[in-house]
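Some notes on the structure that comes next.
The values are calculated or read from the model by the stated rules, or taken from the named source; none is laboratory data. Not measured: the values here are computed from a predicted model. FYI the Cβ positions are ideal-geometry reconstructions off the backbone, even for glycines, and counts take in every protein chain you see. Quick note on the areas: whole protein, heavy atoms, side chains included, nothing else; ligands and nucleic acids left out. Shrake-Rupley method; radii C 1.70, N 1.55, O 1.52, S 1.80 Å.
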Amino acid sequence: MKTIIEPFKIKSVEPIKFTTGEERESILKNAGYNPFLIRAEDVLIDLLTDSGTSAMSAKQWSGIMDGDESYAGARSFYRFEKAVKNLTGFKHIIPTHQGRAAEKILFTIVGGGGKFIPNNTHFDTTRANVEFSGAIAIDLPCKIGRDPDTIADFKGNMDIDALEEFIKTQGAENIPLIMITVTNNSNGGQPVSMENIRKTKDVAKKYNIPLFIDACRFAENAYFIKKREKGYANISVQEIAQEMFALADGCTMSAKKDALVNMGGFLALNDDDLAMKARNILVVTEGFPTYGGLAGRDLEAIAQGLEEVVDEHYLTYRIRSVEYLGEKLTKHGVPILQPPGGHAIYLNAKKFAPQISLEQYPGQSIVCELYICGGIRSVEIGSVMFGKYDNQTGKLISPNMELVRLAIPRRVYTQSHIDYVIEVVTEVYQKRNNLKGYRITFEAPMLRHFTARFEPL
Ligand code: F0G
């Protein structure tokens, strides 16, 4: 087989700035050893997130010029609505400025004290929005998904037995909806099988609970289904995605991922009453129902992006470039969460830096060293992001896995950029015995990883 190449050529470029290791040490120190607080221009390769960082196509940019900026009933809204309806089949399409705005609206309506929201794994903003409403967010990932080393096809799946058990214990009346996140970002970007979505739907239906998809990376998930699940090899990604959505009653979407845009999102659903309530909140928090939190030009770009993202040449390149990074790192002995996910490689920090206790944040230490060594920005997904303190003892309660995510922006970096990343990660791994722990000197009460400050020990 020939090399899988980028299925595009580059017509516009953005220079990146080179800094020295010494400069980066001082930049990082000034940022409280938190890469979220570094200026982006001081980053050489930015793998902080795949969200809102995509390169748009020439057609998307021409859509930006073509956007209809009318307050009500803009042509761009109808193009956007048609594209989303065609993909999801949902009746009501409500644009929001990004994914979390859709989550905020949804959980303001259905959440509240005494309610529970199960998910295969909540993303941090989803969890925060559920908890902010007073409800409790429950993660029910399948057992194999909790083991970073086992190679399996669909480690993002929901634990169906645990879901049913949970509903029986808490009572269906206290569970306003079930969510399933595709791909499962907080669990390694691992895909969810069609069979698992179907079984989740069966349980939801049995107890008369609506099922919502957190659909940020629906196209990557659909591509994995095509490649890995029996019976889907000859079905188009578009049709697979349609089948996924047909199993649900609604979805929240961050268009900043698989709609290939820099800003945008939506809430889509079938229930008329819920849609009416959602639009009521939308008008006071986001905007009029035909633009939500967006400009007409953004709606154009999303509509175009949703068509481009299901292109199978694009997805072949996309998934292969992430897999390539994972394969090479594995070859050099670097411990990663296996197998590579759809949008990112996750370093296994517990194995990478076993000398650092969880209270001293091994993932954060790796994140800092990747920046100092090679100007690469990554993000800790472990005790910094998800750590909680025990109410009684004040001791840190760590999540199951300590990871460092190298998220790959869509259509942005070429193979030589990725080869450089492989060199830097490998170098940091070879010098892993020098890695030291960190202490938090400041933290906010919610989503602390965004603004926390650290000090090396
Ligand atoms: N759900 C999932 C699974 C996500 O990954 C994200 C964002 C959201 C919801 C929220 O969407 O950012 O548009 O408000 N994830 C980004 C990330 C931030 O880096 O993984 P948003």
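Quick notes on this one:
- Pairs from 201/230; 257/431; 350/388 whose Cα-Cα separation, in the structure shown, is over 29 Å: 257/431
- Highest mean first, the peptides 2-9, 48-55, 146-153 sorted by other C-beta atoms within 10 Å per residue fall in the order 48-55, 146-153, 2-9.
- Per residue, the solvent-accessible area of the chain (1.4 Å probe, heavy atoms of protein chains only, all protein chains present) comes to 42 Å².
- Counting 0.36 nm for each residue step from residue 357 to residue 427 and taking away their Cα separation leaves a gain of 23.0 nm.
- As a size descriptor, the averaged projected area of the C-alpha convex hull of the chain was calculated at 21.4 nm².
- Contact order relative to length of segment 1-68, as percent, for alpha carbon pairs under 8 angstrom and 6 or more apart: 27 percent
- Relative contact order of the chain, taken over Cα pairs closer than 8 Å and 6 or more residues apart, is 23 percent.
- Long-range amide H partners of residue 336 with built H, under 5 Å: 348
- Cross-link reach is defined here as a Cα-Cα straight distance under 12 Å, omitting same-chain residues fewer than 8 places apart; for residue 199 the aspartates and glutamates meeting it are 159, 161, 164.
- Net dipole in debye of the chain [+1 Lys, Arg Cβ; -1 Asp, Glu Cβ; about Cα centre; nearest 20]: 320 debye
- Annotation note: trypsin sites (Lys or Arg not before Pro) in segment 213-285 located in DSSP loop regions with a Cβ neighbour count of at most 10 within 10 Å are 230.
- Each Cα pair under 8 Å and six or more residues apart adds its separation to the average, and for segment 58-308 the resulting relative contact order is 32 percent.
- Measuring spread by the Cα atoms of segment 338-456 yields a radius of gyration and Dmax of 14.7, 50 Å.
- Theoretical FRET efficiency, 1/(1+(r/R0)^6), r = Cβ-Cβ of residue 9 and residue 389, R0 60 Å, to 0.05: 0.70
- Model label sites at residue 415 and residue 397, defined 7 Å from Cα along the beta-carbon direction, differ in position by 4.7 nm.
- Mean Cβ neighbour count within 10 Å, used as a protection proxy, ranking 191-200, 376-385, 178-187, 319-328 highest first: 178-187, 376-385, 191-200, 319-328
- Fully extended contour minus Cα-Cα distance, from residue 161 to residue 228, at 0.36 nm per residue: 21.8 nm
- Applying the criteria of a DSSP loop state and at most 10 other Cβ atoms within 10 Å to the chymotrypsin sites (Phe, Trp or Tyr not before Pro) of segment 160-226 yields no site.
- Residue-level accessible surface for residue 373, protein heavy atoms, 1.4 Å, Å²: 40 Å²
- Relative packing of 397-405, 352-360, which averages over residues the other C-beta atoms within 10 Å, highest first: 397-405, 352-360
- Coordinate range of the alpha-carbon atoms in segment 168-299 per principal axis, descending: 45, 39, 25 Å.
- Inter-site label distance for residue 30 and residue 444 at 7 Å from Cα along Cβ, in nm: 2.2 nm
- Nearest-0.05 FRET efficiency for residue 316 and residue 239, computed from C-beta distance (R0 25 Å): 0.90
- Projected label points at residue 149 and residue 332, each 7 Å from Cα along the beta carbon direction, are separated by 2.2 nanometres.
- Top positive-direction residue, dipole computed over segment 239-358 with Cβ charges, set 246, 354, 334: 354
- Potential lengthening between residue 66 and residue 1 on full extension [0.36 nm per residue; Cα-Cα distance subtracted]: 19.3 nm
- GluC sites (Glu not before Pro) restricted to DSSP loop in segment 37-85 with at most 14 other C-beta within 10 Å: 69
- Volume of the convex hull of segment 58-308 (Cα atoms only), normalised per residue: 114 Å³.
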